[in-house]
1. Condition first: surrounded by fewer than 20 Cβ atoms within 10 Å (Cβ to Cβ) and more than 18 Å from the chain's Cα centre (by Cα). Can you find one or more residues in region 386-393 that meet it?
2. All but one of (1) at pLDDT 70 or above; (2) β-branched (Val, Ile, Thr); (3) outside the structural domain of Trp88 (by the TED database) hold for Ile56; state the number of the condition that does not hold.
3. Only one of Lys358, Lys293, Lys308 is more than 12 Å from the ligand (Cβ to nearest atom), of a type in the set (D, E, K, R) and out of contact with any Lys or Arg (no Cβ under 7 Å at 6 or more places or on another chain); which?
4. For Arg290, state whether it is in contact with a strand residue (DSSP E or B) (Cβ under 8 Å, 6 or more places away or on another chain), closer than 30 Å to Thr206 by Cα, surrounded by fewer than 20 Cβ atoms within 10 Å (Cβ to Cβ) and assigned by the TED database to the domain that holds Glu150.
5. Every residue in region 312-327 that is closer than 25 Å to Val48 by Cα and more than 12 Å from the ligand (Cβ to nearest atom), please.
6. Taking Ile241 as meeting all but one of (1) within 20 Å of the chain's Cα centre (by Cα); (2) closer than 24 Å to Val165 by Cα, write down the number of the exception.
7. Restricted to region 335-350, and to residues that are more than 13 Å from the ligand (Cβ to nearest atom) and over 15 Å from Gln294 (Cβ atoms), which residue is surrounded by the most Cβ atoms within 10 Å (Cβ to Cβ)?
8. Can you name the residue in region 190-212 that is at pLDDT 95 or above and surrounded by fewer than 17 Cβ atoms within 10 Å (Cβ to Cβ) and is also nearest to Ile379 (Cα to Cα) among such residues?
Amino acid sequence: MKCILVILLLTCTLSFTDAFKSLWRENTSTQVKGKCILDGGKESKTKVSVTVSGRICLQWNSVQYRNHSFSNCDHNYCRNPNNMIQPWCIVRRRNRYVREYCYTTNREVKPTATSSPKPDPSKQDTESSCGERHLNPTRKIIGGSRSTVESQPWIAAIFKGDGFVCGGTLIAPCWVLTAAHCFSSGKRTQVRKYSVFLGKTAINETDSVKEQQFDVSKLVVHEDYDYTTENYNNDIALLKIADKNGQCAVRTDSVRTACLPPFQQMLPTGFFCEIAGYGRHQKGGFEYSRYLKQAQVRLISQDDCQNKYYSKDEVNKNMLCAIGRDWEEDACQGDSGGPLLCELNQTMFLYGIISWGKGCSEKFNPGVYTKVTNYNNWIAQHTGLPKYTAGSRYPQKD
Ligand code: 4AZ
């Protein structure tokens, strides 16, 4: 675990660009007496001061970093003066001062409406309004937190008849992304038996104000998913949804789309992300969780996942691995198909599809996810929506 952290932090540290150096030089040379240069720009003045490794940021004016001093910055809040992908700060690691990205928990928590507005058919998410949500307080349960659907408004619950099958993620008003292994009959699956619910907080309860129900008009399972070997390679599928009137998902507080990151965009090892689903509380637990849950997980390096925890035969380049703190939070049976999302610029991006793993929350057996950023072209080809797969909401570096 320690080893993973070191690699992660090294990656973060090394990933800062030269552009930063020149900006820093410029800023420090024009430091105005009495003003903190870090607070000068239009950037958000976040009060977050924890990094992706969980370290607390050092007070800016307490550090001398590479000959730069921030004597007027009397706080330890994360800042982003050089337009990195997200705010950062300086921390102490093994007697060295290094920069680390911050764990930007939140985000301005927008007030939550007491009753959801009625769906307005003219209101649909577009590729530029994805990934936004209203956060609600969550209650702690085993290995994660009970979540309100407003915190995970992209979550889809896929049913066959009355039986819950898998989770999924709404990526465009008419399209849900899920796992191929959820449909054991592959291309021969009878889609008319399936339905998809959005805006569902509890599997066994119906909330007619928040929920939207759909039929499945089309199922596309990845042509290279092999149902005979079940090695989970290319574990990705698309469902096209429409309600009885042919209408796709309408944007409300409880139903929103998640953003897709750009093709092959990856985040540093150790980055905090979150998973959501209606799956089992515990390995071997008999009953599915009735309620939507979410948990925080961190990305594991590909090298560790392929060599230390699993083998290269088991985990390939189309997969990524993640696990919660102390191996305690993980996806489990029934969560399959659901999302692994990572937040950048207060926007949620879908990086993974819950796919497999040995057991649940078992030490040294991380959760394995389909690496969504390998499939942008596949998604564009089958949905006909290249705008949604271009990753246009992803923070741009200068
Ligand atoms: C499943 O069976 C499953 N711990 C999903 C994820 C994981 C294990 C099992 C990862 O759907």
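1. yes
2. (3)
3. From the options Lys358, Lys293, Lys308, the qualifying one is Lys308.
4. Yes; evaluated as a whole, the condition is true for this residue.
5. Hits for region 312-327 are Arg325, Asp326.
6. (1)
7. The qualifying residue surrounded by the most Cβ atoms within 10 Å (Cβ to Cβ) is Phe349.
8. Residue satisfying both the conditions and the ranking: Val191.
The values are calculated or read from the model by the stated rules, or taken from the named source; none is laboratory data. Owing to the predicted nature of the structure, the values given are computational and were not obtained by experimental measurement. Here Cβ is always computed from backbone atoms with ideal geometry, including for glycine, and neighbour counts include all displayed protein chains.
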